[in-house]
Amino acid sequence: MKILIAEDETVSRRVLRMTLESWGHEVIEACDGSVAWQVLQSASAPKLAILDLNMPEIDGIGVCRRVRRVPSQTPVYLILLTAKSGKPDIVAGLEAGADDYVIKPFDGDELHARVEVGIRIVELQRSLAQRVEELEQAL
């Protein structure tokens, strides 16, 4: 699975990239929210993104809101990864369109499980979109 990491801290981004690559994923990196937004608008955009909440240019919540404004039969699965652990922060992230919220420093097993959930959702959405297209063609 191709996964976007949007994280402004170099060390955190590198650790996350190495972790995801060790699980067999292809990783695309963005150092801020505006680069992440550009990547997510491309034709070959990843269908799973892990976004830091606090980034320059556009924060993770801003990226989530922009992504959710674009209609798609196969939307991007968005995970916010942040040190902010307060309920208001979690609620704000989810209300902005994040599918999941993980607290830093992340536990590898927990992040792995949450990424796998995201992959299952992306694959289900892809399968459903394909079926809808087949039905539309049949009609």
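Below, the figures for the structure above:
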{"item": "Residue that is surrounded by the most Cβ atoms within 10 Å (Cβ to Cβ) [pool: residues in the stretch 1-21 that are among the acidic types (Asp, Glu) and in contact with an Asp or Glu (Cβ under 9 Å, 6 or more places away or on another chain)]", "result": "Glu7"}
{"item": "Qualifying residue in the stretch 99-108 (condition: touching a residue at least 24 places away in the same chain (Cβ under 8 Å), under 25 Å from Glu26 (Cβ atoms) and exposed (fewer than 13 other Cβ atoms within 10 Å of the Cβ))", "result": "yes"}
{"item": "Residue satisfying all of: in the stretch 109-139; more than 17 Å from the chain's Cα centre (by Cα) and open to solvent by less than 60 Å² (accessible area, probe 1.4 Å); modelled with the lowest pLDDT among these", "result": "Ala129"}
{"item": "Top-ranked residue in the stretch 64-91 [being surrounded by 12 or more Cβ atoms within 10 Å (Cβ to Cβ) and farther than 30 Å from Ser127 by Cα; ranked as nearest to the chain's Cα centre (by Cα)]", "result": "Thr82"}
{"item": "Qualifying residues in the stretch 22-63 (those that are under 12 Å from the mean Cα position of the chain (by Cα), of a type in the set (A, V, I, L, M, F, W, C) and within 16 Å of Ala83 (Cα to Cα)) - the one most open to solvent (accessible area, probe 1.4 Å)", "result": "Ile61"}
{"item": "Which listed residue is on the phi > 0 side of the Ramachandran plot and among the charged types (D, E, K, R), from Glu123, Glu57, Glu110", "result": "Glu57"}
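Results for (1) over 16 Å from Ser34 (Cα atoms); (2) of a type in the set (Val, Ile, Thr), shown as yes or no for each residue.
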| residue | (1), (2) |
| --- | --- |
| Leu78 | no, no |
| Gly93 | yes, no |
| Pro105 | yes, no |
| Val117 | yes, yes |
| Glu123 | yes, no |
| Glu133 | yes, no |
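The values are calculated or read from the model by the stated rules, or taken from the named source; none is laboratory data. What you see is a predicted model, and the numbers here were worked out from it, not measured in a lab. Every residue, glycine among them, receives a Cβ derived from its backbone with ideal geometry; neighbour counts consider all protein chains shown. Side chains included, ligands, DNA and RNA excluded: accessible areas come from the protein's heavy atoms. Shrake-Rupley method; radii C 1.70, N 1.55, O 1.52, S 1.80 Å.
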